[in-house]
Every structure is written in structure tokens, then in C-alpha cells.
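Everything below concerns the one structure shown next.
The values are calculated or read from the model by the stated rules, or taken from the named source; none is laboratory data. As the structure is a computational prediction, the values presented were derived from the model and not from experiment. In this analysis, Cβ positions are derived from the backbone assuming ideal geometry, glycine residues included, and neighbour counts consider all displayed protein chains.
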Amino acid sequence: MLLLAALAIDLVFGEPPLKLHPVVWMGNFIKFLRGEGRGRAYGLVLLLGTLLFSWSLIFIPLFLVRIGLPYLIYLLWSVYLLKSSFSFKLMRSYVKKIAESAESGDLERARVATQEIVRRDLKNSDAGHIISAAIESLAEGEVDGLISPIFYCPVGLIGPISQRAINTLDSMVGYAYEPYDKVGWASAKLDTIVNYLPARLTALFICAGALIVGLHWKRAIKTAVTSHKKTKSVNGGWPMSSMAGALGVRLEKEGEYSLGDGELPQPFHLREASKIFDASFLLFLLIWIIILLII
């Protein structure tokens, strides 16, 4: 019920204001302590400190309940905290904005919107590579920002909140180059472990989503199996490759990898990717809610 309530809040209201967003609080905590140029020992301290900070968002209110805070307030806070761990409406809104911009021929607006959700520099990228980056981000985002946090709901609220803290750490310090190559090492490794199963589940559900919307589900399976190792990320290749196969396009990060066969995607492929995203996530959600009811 908490999960359904959190999903309803996401669909109706979207993201809370930045100043009131628990994940932004985690990010500010990490920013304060991230320690550019420090070693792996400091990275472990940063990881543990961030987890303790994220857990305090659960256990301090729970302690207040024990000394008199109405339990209803804690339930409402739990729904709010759970909602903050995933973003469905936000990702869809980004994709819609990018697709509309590309379809209208406003490549610069599409570039700026895509740059907000990807790390790579798109300054000199053409339309195909901009759309590719958006589709790749959509596929990876389904793991990090949706399926992975909800995957850990069976262990309680601490599951999705811990996943969100680890993923936020990885996005801020989990780089393979200076000044974060050492301090972010532990965070990057733990993020890989935490998202290992969700990434592969997401690829499977993307294939199922392709079947639901009438796209190339068999090719999605084949491409996921044959192309997932082409990315540096142990996890990222799975959802991106399955999405490339489902769309029948080539997703490419110039100089690093090329997933799938065919031409680079066009704006309408981004629309199709959004349909797969919707279908795959809703199917996963249905199955996971049934699992939660059973256990």
C-alpha cells in the first residue's frame, strides 16, 4: 500500500521541490564530504557516512513515534520517503521534451534537454547521437531510478533508500579518473553489486515490454545477449542493448561502444522507447506488488 501511494504521488505531483527532496539532501551531504583526491579509506568512510545519513531519515522519525509522534505522520513520511527513491514521471517528461524538440527541428533545445540527463559532452553531437544518448539514459534510468529501488522494497523502506544513497554516491564520486578514482572506488563497486540483478531484470522486462507494444522482442533478447559486454559498465549494457534490439536501431556512444544493428535512432524511436519504458515498468510493478502481497 505504501508503494502504491508513493506511485500515485509520483504520477500526480512528480518530484518535490529541491529543498525538500531527500535525495538532494543526500547529495548535499556527499558534496560536503566527498574529499576530492582522497584515498580508498576515506571513500569507505564516505560510503558508510552516507548510508548512516540516509538511514537516519528513517530511524529518527521512527524514534519520534516511540516517544509520542502520531504514527500516521510516520506513515505519511514513509510514503514521501519511498516516493523520493524513484522517478517515473520525471524521466517521461524529459523524454517528451527531447522528442518534441527533435521532431520540431530544434536540435539545440533537444541537445540541452538531453545534456541534463547524461554525463557525456553532446556539444558537437548530431541528431542521431543526441537521440541515442536520450534512449540510453532512459534504459539505464529504468534500472537506477525505478526498478532497482522498488526491487529492494521487500526488505523494507531501508532497501530503496539505501539503493538511492549508493546510486547518488556513484553518480557524484564513482568516476574512474582523478580526483575521484580512489575515493569513489568503493561506492562504484557497491553500486555495481546493488544493481546487478535489477539491471538484468530490467533487460528482461524491456523485452517483455517490446512484446506488449508490438516491437521486436526476439531481437531485443538476442541483442541483449550479444551486445551487453560492449560497455564498460557491467550493468548498463543489459538494458541499453535490449532497448536497441527492441527498436531495431544502433545506440552509440562515440569512441566507446555501439549496441545493436541498423541506423542511429530518429525522434520517433524515442517515442517508441518511451512506450517500451512504460509497458516494461508497469509489468514489473504489477509482478512485484503481487510478490509483496504474498510475502
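To keep it simple, each residue is scored yes or no on (1) touching a helix residue (DSSP H, G or I) at 6+ places or on another chain (Cβ under 9 Å); (2) without any contact (Cβ under 8 Å) to a residue 40 or more places away in the chain; (3) assigned to a helix (DSSP H, G or I); (4) of a type outside the set (A, V, I, L, M, F, W, C).
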position: TRP55; (1), (2), (3), (4): yes, no, yes, no
position: VAL65; (1), (2), (3), (4): yes, yes, yes, no
position: ILE73; (1), (2), (3), (4): yes, yes, yes, no
position: TYR80; (1), (2), (3), (4): yes, no, yes, yes
position: LYS83; (1), (2), (3), (4): yes, no, yes, yes
position: GLU108; (1), (2), (3), (4): yes, yes, yes, yes
position: ILE117; (1), (2), (3), (4): yes, yes, no, no
position: ASN124; (1), (2), (3), (4): no, yes, no, yes
position: GLU136; (1), (2), (3), (4): yes, no, yes, yes
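Does segment 38-52 contain any residue that is loosely packed, with under 11 Cβ neighbours inside 10 Å and either over 23 Å from the mean Cα position of the chain (by Cα) or more than 26 Å from TYR180 (Cα to Cα) (or both)?
no
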Worksheet item: What helices (runs of 4 or more DSSP H) completely inside segment 211-295 contain at least 1 residues that are at pLDDT 95 or above and among the charged types (D, E, K, R)?
Response: 217-227, 267-294
Discussion item. I want to confirm something. Restricting to segment 221-280 and keeping residues that are out of contact with any Ser or Thr (no Cβ under 6 Å at 6 or more places or on another chain) and β-branched (Val, Ile, Thr), which single residue is surrounded by the most Cβ atoms within 10 Å (Cβ to Cβ)?
Written reply: ILE276
Practice prompt. Give segment 84-112 a look and list any residue that's buried (at least 19 other Cβ atoms within 10 Å of the Cβ) and over 17 Å from the mean Cα position of the chain (by Cα), or say none.
Written response: ILE98, ALA99, SER101, ALA102, ALA110, ARG111
Worksheet item: in contact (Cβ under 8 Å) with a residue 12 or more places away in the chain, crowded, with 19+ Cβ neighbours inside 10 Å, closer than 23 Å to VAL234 by Cα and polar (S, T, N, Q): does that describe SER132?
Response: yes
Response to the item:
Selection over segment 188-203 where residues are touching a helix residue (DSSP H, G or I) at 6+ places or on another chain (Cβ under 8 Å), without any contact (Cβ under 8 Å) to a residue 60 or more places away in the chain and part of a helix (DSSP H, G or I) yields a count of 8
